[in-house]
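The values are calculated or read from the model by the stated rules, or taken from the named source; none is laboratory data. Since the structure is predicted, the reported quantities are computational estimates derived from the model, not experimental observations. Neighbour counts are summed over all protein chains in view; Cβ atoms, including those assigned to glycine, are modelled from backbone coordinates with ideal geometry.
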Amino acid sequence: MLDTYFRAEESEKVSAFDDLTLVELIVKRGEAAVDALPGGLRKNREAMAETIENKVRRLIIDEMAVNPKYYAKLSELLDALIEQRRQEALDYQAYLTRIVELTRLGWIRSKQRKVAGQDRQSQREMSSGESHYFQGRRYPDVKGCGRTHGVRLVGRGTMELRVPSNCDRDQRDAALQRWYRRQLRALLLHCSTSGNHG
């Protein structure tokens, strides 16, 4: 009896990017994202527009509590865009361009908030066992004693910070920062002189 009233279609993959939401797909591919939508949705511009608008509205609602003023403005822009589409005041390509821009604005702000809320690296104590980075590579730090301040890379994976044993955290950090600056200057000098000979 239920089969008479309800019919379920086989679910279609929304895109070749299974792990992306529709909003992420729009952010990454822009107007070309519509080409990745299922055929039935892609062929029905009204259904496709409503699907995209609903996803953008969901993003706005989800983020409204975090930044009410910003997302209220996005909501107003979305409402105006929906009204223009319904009154056919925009051609389809102009509509797609504007909905992509609006989607990106909401998504970027959402991602910025999430990144800002992540735990940050704890303050360095500048003691043995901590890791430091140089040119994108992680180096476990080994504090060594010496008469002068200095840093050297030992082998392929250890950074040795050489400081007098009575140095405090700030002095150890200053020694490391001076070394970083010297390395940067040397790299910039190398780049500028090698660029002149090319």
### Task
Please report, ordered by residue number, the helices (runs of 4 or more DSSP H) entirely within region 1-74 with at least 1 residues that are within 21 Å of residue 86 (Cβ to Cβ), modelled with pLDDT of 85 or more and out of contact with any Gly (no Cβ under 9 Å at 6 or more places or on another chain).
22-29, 39-43, 45-63
### Query
Mind checking which pairs have a first residue in region 104-116 that is farther than 11 Å from residue 59 by Cβ and a second that is not in a helix (DSSP H, G or I), Cβ under 7 Å, 6 or more apart or different chains?
113/66
### Residues within region 64-88 that are of a type in the set (A, V, I, L, M) and closer than 22 Å to residue 30 by Cβ, tallied
6
### Query
From the residues in region 99-117 that are modelled with pLDDT of 80 or more and among the hydrophobic types (A, V, I, L, M, F, W, C), which one is nearest to residue 75 (Cα to Cα)?
102
### Query
Which members of region 21-45 meet the condition of being in contact (Cβ under 8 Å) with a residue 40 or more places away in the chain and acidic (Asp, Glu)?
24, 31
